[in-house]
1. Helix check for the chain. Which DSSP H runs span at least 24 Å along their own axis by Cα, with a mean Kyte-Doolittle hydropathy no less than -0.5?
2. DSSP loop GluC sites (Glu not before Pro) in region 58-156 with at most 16 other Cβ atoms within 10 Å of their Cβ, which ones?
3. Based on alpha-carbon positions alone, could you give the equivalent ellipsoid semi-axes of region 29-125 from the gyration tensor, as √(5λ), descending, whole Å?
4. Can you give the Kirkwood hydrodynamic radius for the chain, in Å, rounded to one decimal and based on Cα pairs?
Amino acid sequence: MPRFAANLSMLFTEVPFPDRFAAAAGAGFRGVECQFPYQYAAEHLADLAAMNALTMVLFNAPPGDWAAGERGLAALPGRDSEFRDGVELALDYADMMDCPCLHVMAGVVAEEDWAPALDTYLDNLAAAADMARDHGVRVLIEPINPVDMPGYFLTRPEDALRVIETLDHPNLGLQYDIYHAQMERGALTDTLEDALDRIGHIQIAGVPGRHEPDARGEVNWRYLFGLLDAHGYDGWVGCEYRPRAGTLTGLRWANDWGIGG
Ligand SMILES: O=C(O)C(=O)CO
């Protein structure tokens, strides 16, 4: 059975962020992930994870000015040094929290700027993967669907896989968010079967609505979790969804599997 991790940016938002560690552990999770931890000291977060016997499995590098609409810097020409400073900071957090994976967001790019953005993206990802290797951290890239994030540079799993193949860096992998993939074009089985060796982390949410991964949506979770088991996927599966009506009530979907795997 998959090992599920609670995304603390989207689950347990009934309580302040630091209290979500205990809430996740209380619900049975052994792993947690989050989007941006930088508001809190890394030592504090590492203590919270340790106190609650939780593994921090993934978080994102700084995304630039989120409030101004930025969604990552990796593909933004002229922002290289800011991007690399952000990765350095993220790696300090990863060291402190003993976190194995770092999601690096590409950014929002106008269509006419795609060519220079791709060059920048490849350079920055190669640099980030090199930097992270020294810390024992794997850099991941995640296709995000254009409905949820208009203008995001990396929307299709096949493009992410092409980037990964082009760079051919042992420390660069795919973060496969099944919600985003289904919103974009589906073909979930094909990607999972063809690219599992390049997938460093999986995330889940129901479609439509990005709610609980349960039978109310169009994705057959029983089939997909069985597929992951059949292919020996032993990474984490991050629960990055918006609970319909309270995190604990919504966790009934996990009864069939057991949260801890
Ligand atoms: O929106 C998402 O799916 C993200 O993972 C951004 O961190």
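Read-outs throughout are calculated quantities, based only on the coordinates presented, and are distinct from any laboratory measurement. Just so it is clear, the structure is predicted and the values come from calculations on it, not from any experiment. We place every Cβ from the backbone using ideal geometry, glycine too, and count neighbours over all the protein chains shown.
1. Details: long enough: 80-97 (25 Å, -0.33); 114-133 (28 Å, 0.14).
Helix filter hits for the chain: 80-97, 114-133.
2. Values: sites: Glu70, Glu82, Glu88, Glu111, Glu112; in loops: Glu70.
For GluC sites (Glu not before Pro) across region 58-156 that sit outside H, G, I, E and B with at most 16 neighbouring Cβ atoms in 10 Å, the list reads Glu70.
3. Three semi-axes, in Å: 29, 12, 11.
4. Details: mean 1/r = 0.0543 Å⁻¹.
Mean inverse Cα-Cα distance, inverted, gives 18.4 Å.
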